[in-house]
Amino acid sequence: MRFFLIATFFFLPFSTLAGVDTTFLKQLYDRCLEFNESKADSVCYYASLIENEATRLSFNKGTVLSLRLKGLCNEFRSDYEGAIDFYLRSLEEARRIGIKAYEISALSDLGLSYVSLQRPLEAKKFFLSCANLALQSREISSVLTSYDNLGAIYSQLGQYDSALIFLEEALLVGREAGSLIDTSGTYNNIGSIYFKQKKFLQALEYFSRNYANHRLQKNEQAQLWIDHINLADTYAELKRFDSADFHASKAMELVVEMGSKTKEADTYLMLVRLNEHRENFTNAYQYLTKWHALDTSLVNDKIQKTISELQERFHAKERDVENRLLTESIEKARYRNRSMFYLVIALAIIGILIATGFVIKRNAHLRLSKTSELIKLKNRRLAELNDEKNSLIEIVSHDLAMPFATINMWGSLLENDSNALSNEQQKALMRIKQAGAYGQEMIQRILDVEKLDQGNYSLQPEEFDLVFFIKSIVEGFLPEAAKKAIIMRINFPEKAITILSDKQLLRRMLENLISNALKYSPLNSTVWVEIDEQTDAVQLKVRDEGVGISREELPRIFSKYSNISSKTTAGEKSTGLGLFIIKGIVERLNGNIYCDSDEGKGTVFTVLLKK
């Protein structure tokens, strides 16, 4: 209702508003702050309205409100010098009448204007003053906004540690304020810093939080668009292209719904980066062309408007000449000469535009070629660094394996003569052997992960009876299950099932799944291992009644070194690599793996393998 009231006043002269009061002017000012660039003229109109009505009402806040809106109007028109002039006058007026809230707003406006002018050092000064004043005034929302702005500025200056300090402070302020404060901007800023530092998994965590929150809220199209852009870029860096494609398509759907040309241009730029990562340079160039055309259109919008006004004046003048030619013959010759002159100018302009188009296209192609070469150079350097890393891992793993093997050897010797040890010494010996075994397991897991990453393992497929094979694996776990009084049940077909697969990889995958089920199951529970034969595939299930996994953590359980909150039930050690290795093995076997879990009720892992 308030929107339509304001829209109606837009068409009314000032004299018809004689009955308004100061409350109405303040509400009108607040509504103008919600406008965007498309309503720059309305902001200018209401700024003058508030100025005139405030004078009539002797409203002492009217001047500072009007000055700020005039600055906003100039900012919407990209006249930042004019905007800064009005914001400085607004700051001076706020200090004169002694209202801290308006002084904080003016300082923030000045900082943002200098950001738009690519002058971060000047912007930082105003944001620091804004933060100090907000802290003195205990304006929680302003404190959080100031910290966010400072985090963004320090990030722009490449001072990421300082940026994170301010952003972490902003999160603390947001948590203390509870649901009254929106911290999504803070999460985006922190995620962006980690992204710039190439810590993509950390960046993904913060971007995903925002996405999860905004999906539950209505009318959050703009925020969701930012979330999809951030997630698409991050997944592209992580080489998880299916997820990147999903968020890229969602971002484009939102752009169509919102009809924002600026956001459409940014989406095309994200698609350029995504296709560069996939080394699909043809698509990258196509999206770059779309971005350039749209971005140039947006940049030249103001120029185009001026050209349209000049053209209209030209046509008006032309019509006037035509009218005079009806009565004066001498004017005909003059008109022809003038028309020829304009025609030459028009042809020259067309020629310039065509040449400019060719130059722009050629320059875009050259930039894309240079980018491709740079990407290739970086890829070669990354390959070299990866080789160095692999060599280092092999050396370190080999050097670490020997001490752990020695620990286990001496532990075994001591265990043979354990009768001579006291109870405490025997417990200590058991812990030493457990630590040694865990260390060896950790080294082996790291080596397994590296092999999966490098693709060094060659499949050795053979035909065998899957039922008999899995029964033998389950029987090997019966002693371990008995320690926790866990019952292991198998649900297999009575007939043999022949499958062509790699026995070694299949054994490692199943042993990992069954071992995890036992680790995370409580005493006196049950673990099921099931086989279901389908037409051209076999479905394997490992089900437990354990602690389960929360819905929020399920999407990242197969990530490398994932750290979930679920804890083993008897203090067993977990490296965080098991599920990552399992997924890698399943993919090598040309299969798929799925997980379904309810926290506190148990987990089911389902593996689908082609015969």
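Of the trypsin sites (Lys or Arg not before Pro) in segment 218-254, the ones in a loop by DSSP (not H, G, I, E or B) with at most 11 other beta carbons within 10 Å are Lys218, Lys239. Which of the chymotrypsin sites (Phe, Trp or Tyr not before Pro) found in segment 496-565 are in a DSSP loop and have at most 12 neighbouring Cβ atoms, other than their own, within 10 Å? Those satisfying the criteria are Tyr561.
Which one, Ile514, Thr526, Leu554, is farthest towards the positive end of the dipole of segment 508-565 when Lys and Arg carry +1 and Asp and Glu -1 on their Cβ? Looking along the dipole axis, the top candidate is Leu554. Per-residue SASA remark: Asp109, around 20 Å² accessible (1.4 Å probe; ligands, DNA and RNA not included). Computed with a 1.4 Å probe over protein heavy atoms only, the accessible area of Lys610 comes to about 130 Å².
Given R₀ = 25 Å, what would the calculated FRET efficiency be for Lys503 paired with Arg240, taking r from the Cβ atoms and rounding to 0.05?
Numbers: r = 30 Å, r/R0 = 1.20.
Efficiency at R0 = 25 Å is approximately 0.25.
Divide the volume of the convex hull around the Cα atoms of segment 26-86 by the residue count and you get 63 Å³ per residue.
Can you list the residues, at least 5 places off or on another chain, whose amide H is less than 5 Å from the amide H of Met488, using H built in the peptide plane? So Met488 has HN proximity to Val527.
Give, rounded to the nearest 20 debye, the magnitude of the charge dipole that segment 160-279 has about its Cα centre when Lys and Arg contribute +1 at Cβ and Asp and Glu contribute -1 at Cβ. Show your work: numbers first, answer last.
Working: 14 positive and 18 negative charges, 29 e Å.
Its charge dipole is roughly 140 debye.
Note on Met252: accessible area is roughly 50 Å² with a 1.4 Å probe, heavy atoms of protein only.
The values are calculated or read from the model by the stated rules, or taken from the named source; none is laboratory data. Here the structure is a predicted model, which is why all the values come from computation and not from measurement. Note that we place each Cβ from the backbone using ideal geometry, even for glycine, and neighbour counts take in every protein chain shown. These accessible areas exclude ligands, DNA and RNA; they are computed on the full protein's heavy atoms, side chains included. Shrake-Rupley method; radii C 1.70, N 1.55, O 1.52, S 1.80 Å.
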